[in-house]
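Engineer: The structure under discussion is supplied below as C-alpha coordinates; questions concerning it will follow.
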(Lines give C-alpha, C1' and ligand atoms only; values in the text may rest on other atoms or scores of the structure.)
Protein backbone atom coordinates (compact mmCIF):
# COMPACT_ATOMS: atom_id res chain seq x y z
CA UNK A 1 0.00 0.00 0.00
CA UNK A 2 1.41 3.39 -0.94
CA UNK A 3 2.01 6.32 1.38
CA UNK A 4 -0.93 8.27 -0.01
CA UNK A 5 -3.14 5.22 0.54
CA UNK A 6 -2.06 5.20 4.17
CA UNK A 7 -3.08 8.81 4.56
CA UNK A 8 -6.44 8.51 2.86
CA UNK A 9 -7.48 4.96 3.79
CA UNK A 10 -5.83 4.89 7.18
CA UNK A 11 -5.47 8.18 9.00
CA UNK A 12 -8.54 9.82 7.50
CA UNK A 13 -10.72 7.02 8.90
CA UNK A 14 -9.44 7.63 12.42
CA UNK A 15 -11.22 9.80 14.96
CA UNK A 16 -8.70 12.60 14.70
CA UNK A 17 -8.91 16.10 16.08
CA UNK A 18 -9.45 18.49 13.16
CA UNK A 19 -7.81 21.88 13.45
CA UNK A 20 -7.86 24.97 11.24
CA UNK A 21 -5.37 24.07 8.54
CA UNK A 22 -2.50 25.95 7.04
CA UNK A 23 -0.75 25.27 3.79
CA UNK A 24 1.58 22.31 3.68
CA UNK A 25 5.21 23.43 3.78
CA UNK A 26 6.94 24.00 0.48
CA UNK A 27 9.43 21.62 -1.05
CA UNK A 28 12.22 24.02 -0.11
CA UNK A 29 11.18 24.00 3.55
CA UNK A 30 10.86 20.22 3.66
CA UNK A 31 14.18 19.55 1.91
CA UNK A 32 16.76 17.48 3.76
CA UNK A 33 19.94 19.04 4.99
CA UNK A 34 23.17 17.47 3.67
CA UNK A 35 24.21 14.34 5.57
CA UNK A 36 27.52 14.75 7.36
CA UNK A 37 30.15 12.04 7.11
CA UNK A 38 29.64 9.57 9.97
CA UNK A 39 32.37 9.31 12.58
CA UNK A 40 33.95 5.86 12.99
CA UNK A 41 31.78 5.11 16.03
CA UNK A 42 28.63 5.63 13.93
CA UNK A 43 30.03 3.98 10.83
CA UNK A 44 30.26 0.73 12.77
CA UNK A 45 26.43 0.59 12.73
CA UNK A 46 26.16 1.05 8.96
CA UNK A 47 26.51 -2.03 6.76
CA UNK A 48 28.88 -2.21 3.81
CA UNK A 49 26.02 -2.13 1.29
CA UNK A 50 24.02 0.49 3.21
CA UNK A 51 23.92 4.23 2.58
CA UNK A 52 23.56 6.85 5.31
CA UNK A 53 20.60 9.16 4.58
CA UNK A 54 20.34 11.13 7.81
CA UNK A 55 21.93 11.52 11.21
CA UNK A 56 21.30 13.75 14.22
CA UNK A 57 22.50 13.95 17.80
CA UNK A 58 20.66 14.56 21.07
CA UNK A 59 20.11 13.19 24.57
CA UNK A 60 17.41 10.76 23.45
CA UNK A 61 17.10 8.73 26.66
CA UNK A 62 17.56 11.52 29.21
CA UNK A 63 20.76 10.17 30.76
CA UNK A 64 22.89 13.22 30.10
CA UNK A 65 24.96 11.67 27.30
CA UNK A 66 24.73 12.53 23.57
CA UNK A 67 23.00 9.83 21.54
CA UNK A 68 22.75 9.48 17.78
CA UNK A 69 19.81 8.81 15.49
CA UNK A 70 20.52 7.58 11.95
CA UNK A 71 18.50 6.57 8.89
CA UNK A 72 20.11 4.13 6.48
CA UNK A 73 19.03 2.79 3.12
CA UNK A 74 19.88 -0.78 2.21
CA UNK A 75 19.23 -3.08 -0.74
CA UNK A 76 16.06 -5.14 -0.46
CA UNK A 77 14.52 -7.62 -2.85
CA UNK A 78 16.01 -8.82 -6.09
CA UNK A 79 16.80 -5.50 -7.76
CA UNK A 80 18.93 -3.26 -5.58
CA UNK A 81 19.35 -0.73 -8.42
CA UNK A 82 15.69 0.30 -8.22
CA UNK A 83 14.89 2.93 -5.51
CA UNK A 84 11.56 1.28 -4.67
CA UNK A 85 13.41 -1.97 -3.94
CA UNK A 86 15.56 -0.37 -1.27
CA UNK A 87 14.34 -0.43 2.33
CA UNK A 88 15.08 2.24 4.89
CA UNK A 89 15.69 1.77 8.58
CA UNK A 90 15.76 4.10 11.55
CA UNK A 91 18.37 3.24 14.18
CA UNK A 92 18.75 4.80 17.61
CA UNK A 93 22.24 4.63 19.10
CA UNK A 94 22.64 5.40 22.80
CA UNK A 95 25.67 5.54 25.09
CA UNK A 96 26.61 2.92 27.65
CA UNK A 97 28.38 3.66 30.95
CA UNK A 98 31.71 3.72 29.15
CA UNK A 99 30.50 6.29 26.64
CA UNK A 100 30.43 3.82 23.73
CA UNK A 101 27.55 3.77 21.28
CA UNK A 102 25.20 0.79 21.35
CA UNK A 103 22.21 -0.05 19.16
CA UNK A 104 19.19 0.66 21.39
CA UNK A 105 16.32 0.40 18.90
CA UNK A 106 15.71 -0.06 15.20
CA UNK A 107 12.57 0.51 13.16
CA UNK A 108 12.18 -1.01 9.72
CA UNK A 109 8.89 0.68 8.84
CA UNK A 110 9.14 4.24 10.17
CA UNK A 111 10.68 5.77 7.02
CA UNK A 112 8.94 5.82 3.63
CA UNK A 113 10.67 4.60 0.48
CA UNK A 114 12.19 6.96 -2.10
CA UNK A 115 9.25 6.66 -4.52
CA UNK A 116 6.48 6.70 -1.90
CA UNK A 117 5.94 10.45 -2.25
CA UNK A 118 4.08 10.22 -5.55
CA UNK A 119 4.89 12.82 -8.21
CA UNK A 120 6.64 14.93 -5.59
CA UNK A 121 9.43 12.37 -5.23
CA UNK A 122 11.24 11.23 -2.11
CA UNK A 123 8.87 11.96 0.81
CA UNK A 124 11.41 11.70 3.65
CA UNK A 125 11.81 15.26 4.95
CA UNK A 126 14.09 14.65 7.91
CA UNK A 127 13.85 14.24 11.67
CA UNK A 128 13.88 16.96 14.31
CA UNK A 129 15.02 16.34 17.90
CA UNK A 130 13.70 18.24 20.90
CA UNK A 131 15.15 16.91 24.13
CA UNK A 132 14.33 13.20 24.29
CA UNK A 133 11.54 13.66 21.73
CA UNK A 134 11.93 13.40 17.98
CA UNK A 135 9.61 13.90 15.01
CA UNK A 136 9.83 12.02 11.72
CA UNK A 137 8.59 14.12 8.79
CA UNK A 138 7.25 13.02 5.41
CA UNK A 139 5.89 15.19 2.61
CA UNK A 140 4.53 14.31 -0.83
CA UNK A 141 1.73 14.24 -3.37
CA UNK A 142 1.15 16.10 -6.62
CA UNK A 143 -1.75 18.53 -6.88
CA UNK A 144 -3.02 17.17 -3.58
CA UNK A 145 -0.14 17.64 -1.15
CA UNK A 146 0.14 15.86 2.16
CA UNK A 147 2.47 15.99 5.10
CA UNK A 148 2.62 13.61 8.04
CA UNK A 149 4.70 14.25 11.18
CA UNK A 150 5.03 11.39 13.66
CA UNK A 151 6.36 12.39 17.09
CA UNK A 152 7.92 10.05 19.64
CA UNK A 153 8.93 10.50 23.27
CA UNK A 154 11.12 8.43 25.58
CA UNK A 155 9.47 6.33 28.31
CA UNK A 156 11.70 5.70 31.31
CA UNK A 157 9.28 3.01 32.49
CA UNK A 158 9.21 1.03 29.23
CA UNK A 159 12.76 2.07 28.24
CA UNK A 160 11.77 2.81 24.67
CA UNK A 161 10.48 5.61 22.44
CA UNK A 162 6.71 5.68 22.01
CA UNK A 163 4.41 7.47 19.58
CA UNK A 164 2.89 10.56 21.19
CA UNK A 165 1.36 12.48 18.32
CA UNK A 166 0.67 12.24 14.59
CA UNK A 167 -0.05 15.45 12.68
CA UNK A 168 -1.45 15.22 9.17
CA UNK A 169 -1.72 18.18 6.82
CA UNK A 170 -3.53 18.09 3.48
CA UNK A 171 -3.78 20.82 0.86
CA UNK A 172 -4.83 21.38 -2.73
CA UNK A 173 -2.25 23.40 -4.65
CA UNK A 174 -4.95 24.69 -7.03
CA UNK A 175 -7.41 25.54 -4.27
CA UNK A 176 -5.62 27.11 -1.32
CA UNK A 177 -8.85 27.22 0.70
CA UNK A 178 -9.01 23.43 0.56
CA UNK A 179 -6.59 22.50 3.33
CA UNK A 180 -6.78 20.83 6.71
CA UNK A 181 -4.74 19.73 9.70
CA UNK A 182 -5.65 16.65 11.72
CA UNK A 183 -3.98 15.60 14.96
CA UNK A 184 -3.99 12.11 16.49
CA UNK A 185 -2.91 11.80 20.12
CA UNK A 186 -1.70 8.97 22.34
CA UNK A 187 -4.40 7.91 24.79
CA UNK A 188 -7.15 9.16 22.48
CA UNK A 189 -6.74 7.69 19.00
CA UNK A 190 -4.11 5.09 19.90
CA UNK A 191 -2.43 3.49 22.89
CA UNK A 192 1.22 2.61 23.46
CA UNK A 193 3.05 2.30 20.16
CA UNK A 194 6.81 1.70 20.41
CA UNK A 195 9.06 3.00 17.66
CA UNK A 196 9.77 -0.55 16.44
CA UNK A 197 6.01 -1.22 16.17
CA UNK A 198 5.09 1.91 14.24
CA UNK A 199 4.49 1.55 10.51
CA UNK A 200 4.13 4.35 7.99
CA UNK A 201 3.83 2.04 4.97
CA UNK A 202 0.16 1.10 5.05
CA UNK A 203 -0.40 -0.93 8.22
CA UNK A 204 -2.40 1.34 10.53
CA UNK A 205 -3.15 -1.25 13.21
CA UNK A 206 -1.37 1.06 15.66
CA UNK A 207 -4.36 3.40 15.30
CA UNK A 208 -6.51 0.99 17.31
CA UNK A 209 -6.67 2.45 20.79
CA UNK A 210 -5.17 0.21 23.43
CA UNK A 211 -5.46 0.72 27.20
CA UNK A 212 -2.44 2.06 29.08
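The values are calculated or read from the model by the stated rules, or taken from the named source; none is laboratory data. Please read these numbers as outputs of a predicted model, since none were measured by experiment. With ideal geometry, Cβ positions are generated from the backbone for all residues, glycine too; neighbour counts draw on all protein chains shown.
Engineer: Does residue 91 count as crowded, with 17+ Cβ neighbours inside 10 Å, within 30 Å of residue 40 (Cβ to Cβ), modelled with pLDDT of 90 or more and more than 20 Å from the chain's Cα centre (by Cα)?
Structural biologist: So residue 91 does not fit the description; no.
Engineer: Just wondering, is there one or more residues in region 124-140 that are touching a helix residue (DSSP H, G or I) at 6+ places or on another chain (Cβ under 7 Å), at pLDDT below 90 and either over 17 Å from residue 41 (Cα atoms) or not in a strand (DSSP E or B) (or both)?
Structural biologist: Yes, region 124-140 has at least one match.
Engineer: Taking residue 10, is it at pLDDT below 95 and over 26 Å from residue 156 (Cα atoms)?
Structural biologist: Taking the combined requirement at face value, the residue satisfies it.
Engineer: Now for a different question. Only one of 24, 42 is over 19 Å from the mean Cα position of the chain (by Cα), crowded, with 17+ Cβ neighbours inside 10 Å and modelled with pLDDT under 95. Can you tell me which?
Structural biologist: When all the criteria are applied, what remains is 42.
Engineer: Same structure again: Looking at region 174-199 only, could you name the residues that are part of a loop (DSSP other than H, G, I, E, B) and under 25 Å from residue 70 (Cα atoms)?
Structural biologist: Answer for region 174-199, where residues must be part of a loop (DSSP other than H, G, I, E, B) and under 25 Å from residue 70 (Cα atoms): 192, 193, 195, 196, 197, 198, 199.
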